[in-house]
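*Asks:* I have a structure I would like to understand better, so I am pasting it below and will then ask my questions one at a time.
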Amino acid sequence: MSEVAGMSRSCPLFHLQVAADMAKLFESIGKLGLALAIGGGVVNSALFNVDAGHRAVIFDRFRGVQDAVVGEGTHFLIPWVQKPIIFDCRSRPRNVPVITGSKDLQNVNITLRILFRPVTTQLPRIFTSIGEDYDERVLPSITTEVLKAVVARFDAGELITQRELVSRQVSEDLTERASTFGLILDDVSLTHLTFGKEFTEAVEMKQVAQQEAERARFVVEKAEQQKQAAIISAEGDSQAALLIANSLMDAGDGLVELRKLEAAEDIAFQLSRSRNVTYLPSGQGTLLQLPQ
């Protein structure tokens, strides 16, 4: 009985000891978990990824933009001190519409399609002097400048007939201009070229006038041909009449009688082929014996 009473008195102390041990264990696990979380956050903040076709520039809070360009892959940096700025170095398209004037003072609406990408070695300079949105700041201004300069060398008609030359000149000048900002232009093409309403109406009127002139020329040529045909026909008739007159003078009435016989023979041949004509010999009555 005394042993049972001793155990009953020591049981609460045992439970308290177990609870204290469990509390220490959970506290240790919590501290370990917090340490792991902090360590994981530090490690995660010290890593950054550069995807395929991209490059990174490192900005250091104490030393500024670094000259080194970081390539593709996973890289380390100093958390809260360094910051990566990611640039897309793949070719990207951009359409730039421009309204300018030609050599003969005609309004021209041109849309230029550009495939561009930055020079990877110049990314630190681009970020420092222009910024991440370099395409928005550079391409519209230099495209407008180059297009106005090139289009002003040609008149409206030459812009249409020499479009390939205009496109090549724009490409060469714009590529050279963009290189000063650290940009590479893989392709430059004119995708849209229209003129003002007045010039379009003038071209349409000119085309209508040309069509009417061609039609009038055709009518004149046709009348001239008909005239020549009438002259030739009249000359032929005159020559035929002269030949007939000469024949009559040489042969007398014999030629006339010959023509009469030929005409009668032709008439008889045509009548003989008709079903509604019956031939009756001369000097005889009809088949019905009609009175004379």
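The values are calculated or read from the model by the stated rules, or taken from the named source; none is laboratory data. Keep in mind that what you see is a predicted model, and the values were worked out from it rather than measured. Note: ideal-geometry Cβ built from the backbone for every residue, glycine included; neighbour counts use all protein chains shown. Accessible surface is based on the protein model in full, side chains and every heavy atom, while ligands, DNA and RNA are left aside. Shrake-Rupley method; radii C 1.70, N 1.55, O 1.52, S 1.80 Å.
*Asks:* Residues Ala52, Ala20: which one is modelled with pLDDT of 70 or more and either on the phi > 0 side of the Ramachandran plot or more than 60 Å from the chain's Cα centre (by Cα) (or both)? Quick ask: steps written out before the conclusion?
*Replies:* Values: Ala52 fails: either on the phi > 0 side of the Ramachandran plot or more than 60 Å from the chain's Cα centre (by Cα) (or both).
Matching residue, one of Ala52, Ala20: Ala20.
*Asks:* Filter region 137-162 down to the residues that are farther than 24 Å from Phe181 by Cβ and of a type in the set (S, T, N, Q), then identify the one that is surrounded by the fewest Cβ atoms within 10 Å (Cβ to Cβ).
*Replies:* Step by step, filter region 137-162, then rank; the result is Thr161.
*Asks:* Name the single residue that is farthest from Lys197 (Cα to Cα) among those in region 122-136 being hydrophobic (A, V, I, L, M, F, W, C) and either in a strand (DSSP E or B) or open to solvent by less than 30 Å² (accessible area, probe 1.4 Å) (or both). Please lay out each step first, then the result.
*Replies:* In the first step, residues of region 122-136 are kept if they are hydrophobic (A, V, I, L, M, F, W, C); the result is 123, 126-127, 130.
Adding the requirement that they be either in a strand (DSSP E or B) or open to solvent by less than 30 Å² (accessible area, probe 1.4 Å) (or both) leaves 123, 126, 130.
Working: Leu123: 44, Ile126: 41, Ile130: 39 Å.
Going through the qualifying residues, I end up with Leu123.
*Asks:* With within 30 Å of Thr120 (Cβ to Cβ) and modelled with pLDDT of 70 or more as the only criterion, which of Leu193, Leu243, Leu261, Leu185 stands out? Don't jump to the end; show me each part of the working.
*Replies:* Values: Leu193 fails: within 30 Å of Thr120 (Cβ to Cβ); Leu243 fails: within 30 Å of Thr120 (Cβ to Cβ); Leu261 fails: within 30 Å of Thr120 (Cβ to Cβ).
Selected residue: Leu185, the only one of Leu193, Leu243, Leu261, Leu185 that is within 30 Å of Thr120 (Cβ to Cβ) and modelled with pLDDT of 70 or more.
*Asks:* Can I ask one more? Select from region 71-96 the residues that are in contact (Cβ under 8 Å) with a residue 40 or more places away in the chain, surrounded by 14 or more Cβ atoms within 10 Å (Cβ to Cβ), part of a strand (DSSP E or B) and not basic (Lys, Arg) and list them in ascending order.
*Replies:* As a first pass, look at region 71-96 and keep what is in contact (Cβ under 8 Å) with a residue 40 or more places away in the chain: 85, 87, 91-92, 94-96.
Checking which are surrounded by 14 or more Cβ atoms within 10 Å (Cβ to Cβ) leaves us with 85, 87, 91, 94, 96.
Then drop every residue that is not part of a strand (DSSP E or B), which leaves 85, 87, 94, 96.
The answer is Ile85, Phe87, Val96.
*Asks:* Shifting gears a bit: Quick one: Leu165 ticks every box in (1) in contact with an Asp or Glu (Cβ under 9 Å, 6 or more places away or on another chain); (2) open to solvent by less than 40 Å² (accessible area, probe 1.4 Å); (3) without any contact (Cβ under 8 Å) to a residue 12 or more places away in the chain except a single one, so which number is it?
*Replies:* For Leu165, the failing item is (2).
*Asks:* On the basis of being modelled with pLDDT under 70 and open to solvent by less than 70 Å² (accessible area, probe 1.4 Å), does Val203 make the cut?
*Replies:* Values: modelled with pLDDT under 70: yes; open to solvent by less than 70 Å² (accessible area, probe 1.4 Å): yes.
Considered against the rule, which asks whether it is modelled with pLDDT under 70 and open to solvent by less than 70 Å² (accessible area, probe 1.4 Å), Val203 comes out as yes.
*Asks:* Go through the residues of region 81-88 one by one and say whether even a single one is over 38 Å from the mean Cα position of the chain (by Cα) and of a type in the set (A, V, I, L, M, F, W, C).
*Replies:* We begin by selecting, within region 81-88, every residue over 38 Å from the mean Cα position of the chain (by Cα); these are 81-84.
Now drop any that are not of a type in the set (A, V, I, L, M, F, W, C), which leaves 81.
Yes; the residues of region 81-88 include at least one that is over 38 Å from the mean Cα position of the chain (by Cα) and of a type in the set (A, V, I, L, M, F, W, C).
*Asks:* Working only within region 97-121, note down all residues that are surrounded by fewer than 17 Cβ atoms within 10 Å (Cβ to Cβ) and of a type in the set (S, T, N, Q). Talk me through it step by step, then tell me what you get.
*Replies:* Of region 97-121, the ones surrounded by fewer than 17 Cβ atoms within 10 Å (Cβ to Cβ) are 97, 99-101, 103-105, 107, 109, 111, 113, 115, 119-121.
Hits for region 97-121 are Thr100, Asn107, Asn109, Thr111, Thr120, Thr121.
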